[in-house]
Amino acid sequence: MTREEEILLIKRILSGESHLYKDLVERHSANIYNLVLGVVSGREDAEEVSQDVFVKAFFSLKSFRGECSFSTWIYRIAYNMAISRTRKKKRHYVTIDCNNSNIFADDDFVSGKDDEREILHSMLQRALIQLEPKDRFLILSFYMNEKTIKELVEITGMSESNVKTRLHRIKKQLNIIINENREIVYG
Amino acid sequence: MDNLDQQLSDIFSRLKTDKMDNNFSTDVMTRIEEEKNIKEKRKEDLTQSLFLVLCTLAFIASMFLLNRYFFHIKADVITSATKGYINDFAIMFQNESVSRWSIIVVNTIILILLEQLLARKFSKKIK
């Protein structure tokens, strides 16, 4: 769907055809859910927050001016809501028991063909849990949902250099954690 | 993109859920309808309250005008009558036992209201 088609669809929704909003929900729900799940860590919470995001987006649709894509706009809402949920629930990375917490539930995995990949998956989960929610959002948007640096700047409101620095730091952090765990796994 | 980037992209892309079940969008639409109804009800309540306030003001104004131009009652007569009522009320509270019981009643009401308020807040937090 092009930007023009998206704007046209939104105009139709605003003019009273609210049932068309379901198309937008279906189009973006998986991406929003994946992101929120990475930040709030818990499937029920993630689904609830994702629903809240779409409900809030619907009632704020009038403020969408089409300066950015709908996806970027709704990511911004998701970012704010997911971060505020983690603040409310005080699920800071320090309080999470790394051995018992899964950011992604086991059935979210497509089972890997080789053992190393499976080990990497669990290592990555542990590494993600140790990150701050904001950093988890950045890394997941960048790698999982293939958002560009420019889009991340628009979504988070951080400066470009801040986003780049954070991503670089997270990558280094993840690399260290992965390598440390690799040594533990292989002895 | 370096090797680590490639590795991370590969792993993350395998972690993601590609499609949500149909219930998700249906649930969202149901919640939107519910919110719409709540907002409409709130708007209706507000309109009714405003209408009630306007009617009350119109009623007071009409009574005032009726008193002044039809019954020829001056405004200072009304004020002195109001003052009289207030004085009667104040005299009642000069009695020690009345004022003591009034304080007890007011405190009890405040405590009940506080208890209700806290109970609501806690039940919301538990939810």
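The values are calculated or read from the model by the stated rules, or taken from the named source; none is laboratory data. What you see is a predicted model, and the numbers here were worked out from it, not measured in a lab. In this analysis, Cβ positions are derived from the backbone assuming ideal geometry, glycine residues included, and neighbour counts consider all displayed protein chains.
Before moving on, here are some points about what is shown:
- Filter result for B:Arg14 (surrounded by 13 or more Cβ atoms within 10 Å (Cβ to Cβ) and more than 10 Å from chain A (Cβ to nearest Cβ)): no
- Scan of the range A:13-27 for residues that are more than 13 Å from A:Phe64 (Cβ to Cβ) and assigned to a helix (DSSP H, G or I), ordered by number: A:Ser18, A:His19, A:Leu20, A:Lys22, A:Asp23, A:Val25, A:Glu26, A:Arg27
- Boolean, B:Arg31 is within 19 Å of the chain's Cα centre (by Cα) and within 14 Å of chain A (Cβ to nearest Cβ): no
- All positions within the range A:36-49 that are touching a Leu at 6+ places or on another chain (Cβ under 8 Å) and either free of Cβ contacts under 8 Å to residues at least 12 places away in the same chain or facing chain B (nearest Cβ under 9 Å) (or both): A:Gly38
- Residue, nearest to the chain's Cα centre (by Cα), within the range A:1-31, restricted to residues that are closer than 14 Å to A:Asn145 by Cβ and more than 9 Å from chain B (Cβ to nearest Cβ): A:His28
- Residue in the range A:86-108 that is of a type in the set (A, V, I, L, M), buried (at least 16 other Cβ atoms within 10 Å of the Cβ) and modelled with pLDDT under 90 present: yes
- Which numbered condition A:Ile13 fails, given (1) hydrophobic (A, V, I, L, M, F, W, C); (2) surrounded by fewer than 17 Cβ atoms within 10 Å (Cβ to Cβ); (3) touching a residue at least 40 places away in the same chain (Cβ under 8 Å): (2)
- When the range A:130-152 is filtered for residues that are crowded, with 18+ Cβ neighbours inside 10 Å and part of a helix (DSSP H, G or I), the ones remaining, listed by number, are A:Pro133, A:Asp135, A:Arg136, A:Phe137, A:Leu138, A:Ile139, A:Leu140, A:Ser141, A:Phe142, A:Tyr143, A:Glu151, A:Leu152.
- Subset of the range A:32-46 (residues that are outside any helix (DSSP H, G or I) and within 11 Å of the chain's Cα centre (by Cα)): A:Ser41
- Selection over the range A:153-184 of residues that are in a loop (DSSP other than H, G, I, E, B) and on the phi < 0 side of the Ramachandran plot gives a count of 2.
- Of the listed requirements (1) surrounded by 17 or more Cβ atoms within 10 Å (Cβ to Cβ); (2) modelled with pLDDT of 90 or more, A:Ile170 misses just one: (2).
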